[in-house]
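Peer 1: Structure in structure tokens, see below.
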Amino acid sequence: MLTYNSQFQSKLPEIPTSIFSIMSGLATKEDALNLSQGFPNFESDSKLIQLVNKAMVGGKNQYAPMPGIFSLREIIAQKMESLYGISYNPETEITITAGATQAIFTAIAATVKKDDEVIIFKPAYDCYEPTIELFGGKTIAVQLDPEEFSINWQEVKELITYNTKMIIINTPHNPSGRVLSKNDMLQLEALLKNTNILLISDEVYEHIIFDGEKHQSAALFPALTERTFITASFGKTFHNTGWKTGYCIAPAELTKEFRKVHQFNVFSVHHPTQVALAEYLKTPSNYLELGHFYQEKRDLFLSLLKDSRFEFIPSKGTYFQLLNFRNITDESDYDFAIRLTKEQKIAGIPISVFNENKYDSKVLRFCFAKTDETLKKAAEILCNI
């Protein structure tokens, strides 16, 4: 029997099991309503599923081109021109990826070297920091205001050093549901202008935005566009997270470096899905009406919780809603989330796991990308606590 070399050193020794895996696994074990992990419990548009099937039957089952099929990259370029008035070259500036997480990983892998500093904002999506570490970078974390989740741009300015290689933003923001304003983006643009600092703009929820707010894409700001990897997710947009299909948009020079890594950790993305999406995106209402669709779900969920003991500020984007439980218990958010799942049969995500030094503001995140029936059951449980 072979013996394991005990001298092996992990490259990510401090990385625990993802909280999403923990809570979804517990929800399954306890037969609880799972409002923890961010996935819809309803089907994608049947038209899109039929288009994938048509592509499979039509023989689109071998490798797609490494950067993605041209027709899909072309329609994405048209979408960016229509929404943000910017022209991206589909040949040299758009790459189809295996979801947005792979796009973020690849952008970091292609650019961050040992001892480079990367500024992120916490609470942050949990793929950012481990990927930075994996390639020898150093994470510089800025804790967002615990109530408003606003950014102190003066603090950010003071953290920028000679070693700052990149900043990562996320808008609409997971987990808070906050949306960066035009003023936020202008302040960021002013900070980065005349520097060599790169930007990853995680925009996976760009079409899930509420109350008349406008998505402030990095593509709208010239001094940001020239240095930015914009990452997006078809899985989040079209209710099919299991398809793991997204894209990355960046200037040609950055895309060239991005593709050097992309070709060796993915090479190409599921071909029939790309063919289907290229056709589906020709109807803009398929994504432009998503804000209204999800706002109705948010409003239903919150209307049912108005008499509960939870406190909340309505989410401005994403399909997540934060609920503050300080009027209910002094337990930590992690302990409360575990107890809710086991005893009340409803699962949410504790926010402290995404915060700097595990700061606990007594808040849980719940996903409202669920059927109305599920949301009503969830609200009934939460109102009885």
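Peer 1: Summing -39500 (n - 2.57) over the DSSP H runs of n ≥ 4 in the chain and dividing by its residue number, what mean residue ellipticity at 222 nm do you reach, to the nearest 500 deg cm²/dmol? It would help to have the intermediate numbers written out before the result.
Peer 2: Working: 15 runs with 147 residues, N = 385.
Mean residue ellipticity, 222 nm, calculated: -11000 deg cm²/dmol.
Peer 1: Something else about it: Taking a ≥ b ≥ c as the square roots of the Cα gyration tensor eigenvalues, with a/c under 1.5 meaning rounded and otherwise prolate when a/b beats b/c, else oblate, which class fits the stretch 170-327? Show your work: numbers first, answer last.
Peer 2: Numbers: a/c = 2.15, a/b = 1.36, b/c = 1.58.
Cα axes put the stretch 170-327 in the oblate bin.
Peer 1: Please give the contour-minus-distance gain from Gln263 to Lys138: 0.36 nm per residue of separation, less the Cα-Cα distance, rounded to one decimal in nm.
Peer 2: Numbers: separation 125, 0.36 × 125 = 45.00 nm, distance 2.55 nm.
Between Gln263 and Lys138, full extension yields 42.4 nm more.
Peer 1: Turning to a different aspect of this structure: In nm, to one decimal, how far is the Lys342 label point from the Lys54 one, both placed 7 Å along Cα→Cβ?
Peer 2: So the label points at Lys342 and Lys54 sit 5.1 nm apart.
Peer 1: Label Ala190 and Thr17 with points 7 Å out from Cα along Cα→Cβ: what is the distance between them in nm?
Peer 2: It works out to 4.7 nm between the two label points.
Peer 1: Something else: Hey, what do the phi angles of the stretch 364-378 turn into as Karplus ³J(HN,Hα) couplings, whole Hz, using 6.51/-1.76/1.60 and θ = phi - 60°, x for Gly and Pro?
Peer 2: 10, 9, 10, 8, 9, 7, 9, 5, 4, 4, 5, 5, 5, 5, 5
Peer 1: GNM on the chain, C-alpha springs below 10 Å: top fluctuator among Glu373, Glu117, Glu296?
Peer 2: Fluctuation is largest for Glu373.
Peer 1: Can you work out the Karplus-derived ³J(HN,Hα) for every residue in the stretch 340-355? Use 6.51 cos²θ - 1.76 cosθ + 1.60 with θ = phi - 60°, whole Hz, and x for glycine or proline.
Peer 2: 4, 5, 6, 9, 9, 6, 9, 10, x, 10, x, 7, 4, 5, 9, 8
Peer 1: With the contact rule set at Cα under 8 Å and sequence spacing of 6 or more, what percent relative contact order holds for the chain?
Peer 2: Relative contact order, the chain: 25 percent.
Peer 1: Add +1 for every Lys or Arg and -1 for every Asp or Glu among the other residues with Cβ under 13 Å from the Cβ of Lys193, and state the total.
Peer 2: Numbers: positive: Lys157, Arg227; negative: Glu189, Glu226.
With Lys, Arg at +1 and Asp, Glu at -1, the net is 0.
Peer 1: Amide H to amide H, which residues 5 or more places from Ile346 or on other chains are under 5 Å from it, using H placed in the peptide plane?
Peer 2: Residues meeting the criterion, in which the H sits 1.01 Å from N, are Leu33, Thr341.
Peer 1: Here is a further query. Between Asn41 and Asp145, what length in nm is gained on full extension when 0.36 nm per residue of separation is reduced by their alpha carbon distance? Don't jump to the answer; show the numbers that get you there.
Peer 2: Values: separation 104, 0.36 × 104 = 37.44 nm, distance 3.14 nm.
Full-extension gain reported as 34.3 nm.
Peer 1: Same structure, new question: In whole percent, what relative contact order does the stretch 63-283 give with Cα contacts below 8 Å and a gap of six or more residues? Display every interim value, and only then the final one.
Peer 2: On the way: 403 pairs, mean separation 65.3, N = 221.
Reported relative contact order: 30 percent.
Peer 1: Still on this structure: Fully extended, how many nm does the chain gain between Lys29 and Ser285 (0.36 nm per residue separation, minus their Cα-Cα distance)? Write out the running numbers ahead of the final one.
Peer 2: Numbers: separation 256, 0.36 × 256 = 92.16 nm, distance 3.87 nm.
Fully extending the segment from Lys29 to Ser285 adds 88.3 nm.
Peer 1: DSSP loop chymotrypsin sites (Phe, Trp or Tyr not before Pro) in the stretch 316-359 with at most 15 other Cβ atoms within 10 Å of their Cβ, which ones?
Peer 2: Values: sites: Tyr319, Phe320, Phe325, Tyr334, Phe336, Phe354, Tyr359; in loops: Tyr319, Phe325, Tyr359.
Passing both the DSSP loop test and the Cβ count: Tyr359.
Peer 1: From the alpha carbon gyration tensor of the stretch 63-283, can you work out the equivalent ellipsoid semi-axes (sqrt of 5 times each eigenvalue) and give them in Å, largest to smallest? Before the final figure, lay out each step's value.
Peer 2: Working: eigenvalues 139, 79, 52 Å².
Equivalent-ellipsoid dimensions as semi-axes: 26, 20, 16 Å.
Peer 1: Give the peptides 234-247, 72-85 in descending order of average Cβ contacts within 10 Å, highest first. Numbers along the way, then the final one.
Peer 2: Numbers: 234-247: 21.8, 72-85: 18.0.
For the peptides 234-247, 72-85, the packing ranking is 234-247, 72-85.
Peer 1: Ok, one more. For a test of the definition: using alpha carbon positions, the gyration tensor, and the 1.5 limit on a/c, classify the stretch 65-150 as rounded, prolate or oblate.
Peer 2: Working: a/c = 2.73, a/b = 1.57, b/c = 1.73.
Oblate, because a/c is 1.5 or more while a/b does not exceed b/c.
Peer 1: Here's something else I'd like to know. Quick one: dipole size for the stretch 222-268, taken about the Cα centre, charges +1 on Lys/Arg Cβ and -1 on Asp/Glu Cβ, in debye to the nearest 20.
Peer 2: Details: 6 positive and 3 negative charges, 30 e Å.
In total the dipole reaches around 140 debye.
Where a number appears in this text, it was derived from the coordinates with a stated rule and is not lab data. This one's a predicted model, so the numbers in the text were calculated from it and none came from an experiment. Counting neighbours? That spans all protein chains shown, and the Cβs are built from the backbone with ideal geometry, glycine included.
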